[in-house]
Amino acid sequence: MIATLNQKRTRMSRQEFEQIPEGPPYYDYIQGEAVEVNRLTGEHQEIMVWLASKLWEYARQNNLGKVWADINVDLPTGDLVGPDIVYLATENLLLYSRGYIQGAPDLVAEVLSPSNASYDRVEKLDAYRRAGVPWVWLVDPETLVVEEYQWTPEGYLLVSTTPPTRPFEPKRFAGLKLELGATFAAPPKQEEDSSTRSQ
């Protein structure tokens, strides 16, 4: 889910939040506030589904755990969020229960958009930091740049910034190469050769 430009926020207890009917509208719950979020755009979904499928295939082939897209995550801090992509390593699969994740995932990925970039970069990234999520990827769907963050006691460390001209090779997964640029970059416009025009 993505947050709106002017997120509707309501301060409430966790118990009150859990009484909100199933959406739409949908909400995250961060530091005592219900934050309204929107459905994903088509462009956002394309990248999210592609990235989740590539990571799912890699994890499955190498027996590394499981991957989900747009799943509810109940962080150990009490925050409730719906990351675009979530990965749980095999040894942590017990965190998945009753259709959602209870605890800190091994990795989350968020696909940014004009309506949610600030929210994901500031509030959700801080929520992941407080929960101790080891790895976070931020993907810009317009530039196709991927930022890879690793948790440290001092905060998240930006360990790589990958432009679309190179494959993204996440440090968490040896041998995995993700060709976002080659997959999603718009093909160059072909200019008509004036010499081939008739007349």
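The values are calculated or read from the model by the stated rules, or taken from the named source; none is laboratory data. Keep in mind that what you see is a predicted model, and the values were worked out from it rather than measured. Note that we place each Cβ from the backbone using ideal geometry, even for glycine, and neighbour counts take in every protein chain shown. Ligands, DNA and RNA are stripped out before the accessible areas are found, and what is left, the full protein with its side chains, is counted by its heavy atoms. Shrake-Rupley method; radii C 1.70, N 1.55, O 1.52, S 1.80 Å.
Some observations on this one:
- Apportionment of accessible area to carbon and sulfur, the chain, percent (1.4 Å): 49 percent
- GNM remark for the chain: springs join alpha carbons under 10 Å apart, and the peak mean-square fluctuation among Ile20, Ile30, Ile47 falls on Ile20.
- Taking a ≥ b ≥ c as the square roots of the eigenvalues of the Cα gyration tensor, segment 42-179 is classed as rounded, since a/c falls below 1.5.
- Only Lys, Arg (+1) and Asp, Glu (-1) charged, at Cβ; segment 15-123 dipole about Cα centre in debye: 460 debye
- Straight Cα distances below 19 angstrom link Lys8 to the lysines Lys124, with same-chain residues fewer than 8 positions distant left out.
- Taking every C-alpha pair closer than 8 Å and separated by at least 6 residues, the mean separation divided by the residue count of segment 1-94 gives a relative contact order of 26 percent.
- Taking Ser115, Ser160, Ser97 as the candidate residues, the one with maximal mean-square fluctuation in a Gaussian network model of the chain, Cα springs under 10 Å, is Ser97.
- Lys54 accessible area, 1.4 Å probe, all protein chains in place, Å² to nearest 10: 80 Å²
- With the charge dipole of segment 1-159 set up from +1 on Lys and Arg Cβ and -1 on Asp and Glu Cβ about the Cα centre, the Cα lying farthest toward the positive end among the listed residues Gly23, Tyr58, Gln102 is that of Gln102.
- Shape class of segment 15-120 from the alpha-carbon gyration tensor: oblate, with a/c at 1.5 or above and b/c at least as large as a/b.
- Calculated mean residue ellipticity, 222 nm, the chain: -5000 deg cm²/dmol, from DSSP H runs (n ≥ 4) at -39500 (n - 2.57) each, averaged per residue and rounded to 500.
- Cβ-defined net charge surrounding Ile30, 10 Å radius [Lys, Arg +1; Asp, Glu -1]: -2
- Per residue value of the accessible surface for the chain (all protein chains in place, 1.4 Å probe), Å²: 56 Å²
- Ordered from largest to smallest accessible area (heavy atoms of protein chains, 1.4 Å probe), the residues Glu123, Glu110, Glu16 come out as Glu16, Glu123, Glu110.
- The chain, dipole about Cα centre (Lys/Arg Cβ +1, Asp/Glu Cβ -1), debye to the nearest 20: 280 debye
- GNM on the chain, alpha-carbon springs under 10 angstrom: the most fluctuating residue among Arg98, Arg172, Arg14 is Arg98.
- Helix axis angle, 42-61 relative to the chain longest principal axis, alpha carbon, degrees: 80 degrees
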